[in-house]
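Inspection log for the structure reproduced underneath, given as structure tokens.
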Amino acid sequence: MSEIARVLKTFIGYLKRPDLYPELGRKIIKNTVNRGNAFKGKDKTNSWAAERSVSQKESILKLFGLEMDAFRSDYSDALKTAVQREKDCPVKMGGPGALELIYYACEFTNAKHVVETGVAYGWSSLASLLSLSKRNGTLYSSDMPYLAQDGDQYVGYVVPENLKSNWKLFRFADKESLPKIFAENSVFDVLHYDSDKSYNGRMWAYDELYKHLRKGGVFISDDIGDNSAYQDFCEKNNIETTVVEYEGKYIGVFIK
Ligand SMILES: C[S@@+](CC[C@H](N)C(=O)[O-])C[C@H]1O[C@@H](n2cnc3c(N)ncnc32)[C@H](O)[C@@H]1O
């Protein structure tokens, strides 16, 4: 699909969904007058992150006192099935991130309530649900549908049927989803941010999500090297964060 066709298809997809009009307005501003916002402070944050980054394994041991090796063997069948589902999916989205970090954050907090932004195939959702289902807990997820690719129906495609009773998926932009999620449940044990990567989008969501994280809960944000929003958020709130390097990108994680 050419770039113009993709933009047009996305635009038509938005027009068909009045509940997404507020996000359409924000997207137009983001991609015109606010373009620089995506990379604001990127260089500063990349050197800050590089100086302090550790591996996923080290972070799980240091923060949660847990070894991470059992995850791959305990869930090898579930993970194999998910890999196959991803291959069979007609719409292409991003692959798995640091699944162990999410899973062991849930184990460490004995999580019953988790909130995440950004689902795509649902790899991060799968990681949380594998832990949450042991305690009959609930994952609340927010994701904008993939309007350009008719991808709405494939959001969360790798999540198996048997885990769906522990899952509530809100198909709106975060600015609409999060208030709806907080109205259903106000305090969370773990949060995972992986959606709107702009500086302003992160700052708004980090503040909102942080207020709803319990003391002792775990805050995780993906791709913190895109701009300085995560670093600035931590500095503003005097938060000592751990930075994980994973496949050439940085993830921020701390215990509240
Ligand atoms: C990197 S992917 C998420 C990957 C997922 N966490 C995983 O582990 O497989 C980012 C997702 O965020 C969604 N997204 C982007 N901007 C958003 C917004 N403002 N509100 C809600 N979702 C958004 C996209 O639709 C996309 O599915």
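Where both partners of a DSSP beta bridge lie in region 3-255, what percent of those bridges are antiparallel, to the nearest 5?
Working: 9 of 29 bridges.
Of the beta bridges lying entirely in region 3-255, close to 30 percent run antiparallel.
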Inset, instruction - Counting helices only, and only those DSSP H runs with n ≥ 4, report the 222 nm mean residue ellipticity of the chain as the sum of -39,500 (n - 2.57) divided by its residues, in deg cm²/dmol to the nearest 500. - result: -13500 deg cm²/dmol
Legend entry - Expected-Rg normalisation [2.2 N^0.38 Å, Cα atoms] applied to region 1-152: 1.27
Inset, instruction - Give me the net charge of ASP143's neighbourhood, meaning all other residues with Cβ under 14 Å from the Cβ of ASP143; Lys, Arg count +1, Asp, Glu -1. - result: -3
Legend entry - Nearest-20 debye value, the chain charge dipole, Cβ charges on Lys, Arg, Asp, Glu: 580 debye
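List the relative contact order of region 3-255 as a percent without decimals, with contacts defined as Cα pairs under 8 Å and 6+ residues apart. Before the final figure, lay out the partial values.
Values: 410 pairs, mean separation 58.2, N = 253.
So the answer I get is 23 percent.
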Inset, instruction - Tell me the label-point distance for the pair LYS236, LEU15, using the 7 Å Cα-to-Cβ offset, in nm and rounded to one decimal. - result: 3.7 nm
Legend entry - Cα principal axis extents for region 36-92, largest first, Å: 41, 37, 13
Legend entry - Convex hull per residue volume in Å³, alpha carbons only, for region 112-256: 113 Å³
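How large is the charge dipole for region 73-201, taken about the Cα centre, if only the Cβ atoms of Lys, Arg (+1) and Asp, Glu (-1) carry charge, to the nearest 20 debye?
Charge dipole of region 73-201: 140 debye, to the nearest 20.
So, R0 is 25 Å and r is the distance between the beta-carbons of ASP152 and ARG6; what FRET efficiency does that work out to, to 0.05? Working shown, then result.
Working: r = 16 Å, r/R0 = 0.63.
Here the calculated transfer efficiency is 0.95.
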Inset, instruction - Report, largest value first, the span of the C-alpha coordinates of the chain along each principal axis, in whole Å. - result: 49, 42, 35
Inset, instruction - Between ASN110, ASN227, ASN34, find the one with the highest GNM mean-square fluctuation for the chain; connect C-alpha pairs within less than 10 Å. - result: ASN34
Inset, instruction - Pull out the extension gain between LYS92 and LYS57, defined as 0.36 nm times the separation in residues minus the alpha carbon to alpha carbon distance; nm, one decimal. - result: 9.7 nm
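Where a number appears in this text, it was derived from the coordinates with a stated rule and is not lab data. Everything numeric here is computed off the predicted structure, so don't read it as measured data. Every residue, glycine among them, receives a Cβ derived from its backbone with ideal geometry; neighbour counts consider all protein chains shown.
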